[in-house]
Amino acid sequence: MNAKIRYTALAILVIGILVSLVLTTSSPLLYTLEDDTFSSPFHKNVDVLKQQSLNSTTDVLPEIQDFIDFTGPLSVSIRIHDIEQARRDLERFQNSHGSLKNLIVKLDMNESEIQKIEENTALQKEMLDSLLNTSISLDELQVMEIQYNDENNQDMLTTIRLKGDELRKKVKGMSARYRNATEKVTESGNKIGLNMTKNQESQEYVDQIIAQIEKPQATTPVDTSLIPGDDRVSLFIQPDTGKYRETIEYMGISLTLKGNTTLREGGKQIILYLDDTPVSTVMTDSFGYYSIRIPIEHTLAGKHIAYVRSPTSRSVNRTLTVLQVDSITNLTVSRPDKDSTVNCTGVVMANYPVRSATIQITWDQTHVLVTKTDSRGWFMKEIQLPPGKHTLVAQFSGESYPINPSESDPQVVEISLIPQSGDEFNLWNLILTIFAVVIIVVFAGAAIFYLKRMTRKHLPVSDISSDTDDENKTGSSGDSDIHAPAMDTSELFDADNETLLAYYRRLLKEKGLNTASWRVYQHLSGRVARDLNIKRHKALTAREISRTCKGRSYCKPLARLISAYERIRYGGEITVKDQTVFETALHSTDDKMEGKDH
């Protein structure tokens, strides 16, 4: 490739790189958490990164964490007799367990810590499933026991009690087995950096469930002293003390006395009252049993009176105690955008995230904006601020909650008169741009100077003897031959008075074949260089000269000449055959170059 073209391409490449750096300096990020405005569907949200294929142990850790955490809420649901929720949790646990087994097979994770986790959590799931079924069966037997006790049916009572004893025998020793599985899961989870808190907490709940099954508490009798007539409805609260978002279960049985027989009232409407305010309505099942589960939310701290009503009766009063808890409010303020707008985000936490709470965001103690938390306790509000320094504080009043008020730490933000957006240059971007332009100009100028300096003029159409003369003055040769003999004036080629063949014969007679072949090659390479406009042809080897002349009529004989020349010059032993080939090729080459301006 021509040297001028090579250097021009290099200069264009360097300038292109510098321009690319300038264009990306002001906004080097693909996306930001504060303000993602990219139109690409793959940069709208960081969650899109979760769609990557799972291909390593690190990739599957979040899925395993979710899997082992199932034991916590499932054991809690069984502990508080939330049968429907427990069944849903158990179904999700089963689906997640199947996904993990498939993943272990797919990623060939046999004999790994993940394999051990899968095996031991399968044991935990099996025991939790057994405890759930046992609890359901015992609840059904308890209802039947009450019914047959009212009917004074001793045979059925004996049968029911025997069945209950059989069910309780099944759970003996289960606590130790569950503890053993939990310890193995914890050991493996700690090795790969998982949080085992929820899984370990399930052990405590399982112990409580088994204790309730093995030693059931005596059923509290229904206090009917305040209930007129033959209809009765009972109410029990479990637990009778709670904090914000802890679930309270209100349950009981609706009874009807007909003669000497007490009947369960199925399909009867039950209304729950808290402080004389109706809060929920439910229907009794076929055995007259009802259950209402309500979390504590907008119920102030203190003691509250609860009771239920059926269409014909009212239960006794029960007391629910709600405890006050502290809260924490956090606030984070983003950097201002081009419109001087900041994004205020935060969360309010008590013993649980505080949801649907009113939050006041105050800036400079004079301006108040209101927002609400979502189901996760998070809130967000965009505020446009004037130039200057501002202090923002988020406040949670705790009004209508059993939660103490709280406020965030003050957040200070400064709004500059110079736009801060990447769409308009601020002072820093302006400095970077000027600096980049200066670098580009310097590089471009240096490239142009270098190209001009390295570019030589075309060789003049003149006798090659001048080049030969200069070469001898500098002590170098065209093919970098360090053994080239020193040249005297008798070796010069006089184009006006002799032909190239005559020149060769004269040198052959006076200096020998080695010098004659070398001088003839030097002359021919100069003519080829002028014909092909080759710069700095003396830096090329003989074979490189031969390869450059493709397409010319003299190329083939020149190639034969150069091949013979190399054998003569560097072969060590000169043969008559080599001399004959050289001279024949010289005749052909000179004839084909004759008449041309070489």
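Return the sequence-ordered ³J(HN,Hα) values of the stretch 493-505 in whole Hz as given by the Karplus equation 6.51 cos²θ - 1.76 cosθ + 1.60 applied to θ = phi - 60°, using x for Gly and Pro.
Per-residue couplings from phi come out as 8, 9, 5, 6, 10, 8, 8, 5, 5, 5, 4, 5, 5 Hz.
If neighbour count is taken as other Cβ atoms inside 10 Å, put His367, His81 in order from fewest to most.
His367, His81
Between Rg and the Kirkwood Rh of the stretch 520-598, both from Cα atoms, what is the Rg to Rh ratio?
That ratio equals 0.96.
Roughly how many whole Å is it from the C-alpha centroid of the stretch 556-598 to that of the stretch 331-399?
92
Within a 10 angstrom radius of the beta carbon, how do Trp518, Trp363 rank from fewest other beta carbons to most?
Lowest to highest Cβ neighbour count: Trp363, Trp518.
Give the percent of DSSP beta bridges with both residues in the stretch 231-322 that are antiparallel, rounded to the nearest 5.
Of the beta bridges lying entirely in the stretch 231-322, close to 95 percent run antiparallel.
Structure shown: which of Lys535/Lys556; Lys4/Lys592; Lys170/Lys243; Lys163/Lys215 lie over 26 Å apart, alpha-carbon to alpha-carbon?
Lys4/Lys592; Lys170/Lys243
Mind sorting Glu382, Glu594, Glu407 by how few other Cβ atoms lie within 10 Å of their own Cβ, fewest first?
Fewest-to-most ranking of Glu382, Glu594, Glu407: Glu594, Glu382, Glu407.
For a bin width of 5 Å, list the pair-distance distribution of the stretch 328-415 built from all Cα-Cα distances, rounded to whole %.
3, 15, 29, 24, 14, 9, 5, 1, 0
With unit charges on the beta carbons (Lys and Arg positive, Asp and Glu negative) and the dipole taken about the Cα centre of the stretch 231-322, which residue among Thr247, Thr299, Pro278 sits farthest to the positive side?
After comparing all options, I get Pro278.
What per residue convex hull volume, in Å³, do the alpha-carbon atoms of the stretch 231-322 yield?
That works out to 82 Å³ per residue.
In the stretch 523-576, which GluC sites (Glu not before Pro) are in a loop and have at most 10 other Cβ atoms within 10 Å, using DSSP for the loop call?
Taking the stretch 523-576 and a limit of 10 other Cβ atoms within 10 Å, the loop GluC sites (Glu not before Pro) found are Glu573.
Give the residue from Met349, Ser334, Thr321 lying farthest towards the positive end of the charge dipole for the stretch 307-356; charges sit on Cβ (+1 for Lys and Arg, -1 for Asp and Glu) and the dipole is referred to the Cα centre.
Thr321
About the Cα centre of the stretch 231-322, what is the dipole size in debye to 20, counting +1 per Lys and Arg Cβ and -1 per Asp and Glu Cβ, all else neutral?
That gives a dipole near 180 debye.
We did not get these values from a lab; they are worked out from the coordinates using the rules stated. Note that the coordinates shown come from a computational prediction; the quantities given were computed from them, not determined experimentally. With ideal geometry, Cβ positions are generated from the backbone for all residues, glycine too; neighbour counts draw on all protein chains shown.
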